[in-house]
Amino acid sequence: MALSEQYLHIDEIHPIDIVEHMASDQQWEFDRIADDQIAMAVDGQWRSYAITLAWSPQDEILRLICTFEMEPPDHRRAALMDALNTINDVCWAGGFSFWEDQNLMVFRYGLVLAGGQSATPDQIDMMISAAVASSERFYPAFQLVTWGERDPKDAMQVAIAEVYGHA
């Protein structure tokens, strides 16, 4: 049974309850920080990502933040900012920023549920999947720019190049 089918007969479920159920089913480590917030760890191919979802009833927005550590050398920070701009131009669902004080790369997305709408498990699953997929897709480009000292446009070729063949 699909996760979304489990909720078909329930009119309104708190979005963080849905996330908690998903995290439990996926066996992700999670911590229900508050009624309106949950944090979890999701493993990717390149690294583990810290994902936080928070429901804001005042704004009617379900906010997702996916972070991973990034400690670029000082002389490569400008190149990292150029890469962020280039990457955000191709990210339609969410976007990246760099939190310098915490040395964190951050992918952010907000699901607007104005007018009393409810989030569905499929929408939440798509949010989490998009965050991890985008982080996985662009992580090598961030690394090439910061540690490989490659030009952001060259590093982007890794993220946008078509894959040919199969393993």
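Values in this text are rule-based calculations from the coordinates and carry no lab data. Nothing here was measured: the structure is a model prediction, and the numbers come from that model. Cβ coordinates were reconstructed from backbone atoms using ideal geometry, including for glycine residues, and neighbour counts include every protein chain displayed.
Remark on region 33-77: hydrodynamic radius 12.5 angstrom, per the Kirkwood mean of 1/r across alpha carbon pairs.
Restricting the calculation to Cα atoms, every distinct pair contributes to the Kirkwood radius of region 30-121, found to be 14.8 Å.
Between the Cα long axis of helix 121-146 and the first principal axis of the chain there is an angle of about 10°, rounded to the nearest 10. With the convex hull of the Cα atoms taken as the outline of the chain, the averaged projected area works out to 11.7 nm². Karplus-based coupling profile of region 50-56, in residue order and whole Hz: 8, 10, 10, 10, 9, 9, 10, with θ = phi - 60° in 6.51 cos²θ - 1.76 cosθ + 1.60 and x standing for Gly or Pro. Normalised by the number of residues in region 9-97, what is the relative contact order in percent for Cα pairs under 8 Å and 6+ residues apart? Once divided by the residue count of region 9-97, the mean separation gives 15 percent.
Summing Cβ point charges (Lys, Arg +1; Asp, Glu -1) relative to the Cα centre of the chain gives a dipole of roughly 540 debye. Comparing C66, V145, A54 along the charge dipole axis of the chain, the residue lying farthest to the positive side is V145, per the Cβ-charge model. Only Cα pairs under 8 Å and 6+ residues apart enter the sum, and on that basis the relative contact order of region 44-167 stands at 29 percent. GNM on the chain, alpha-carbon springs under 10 angstrom: the most fluctuating residue among G116, G95, G148 is G116.
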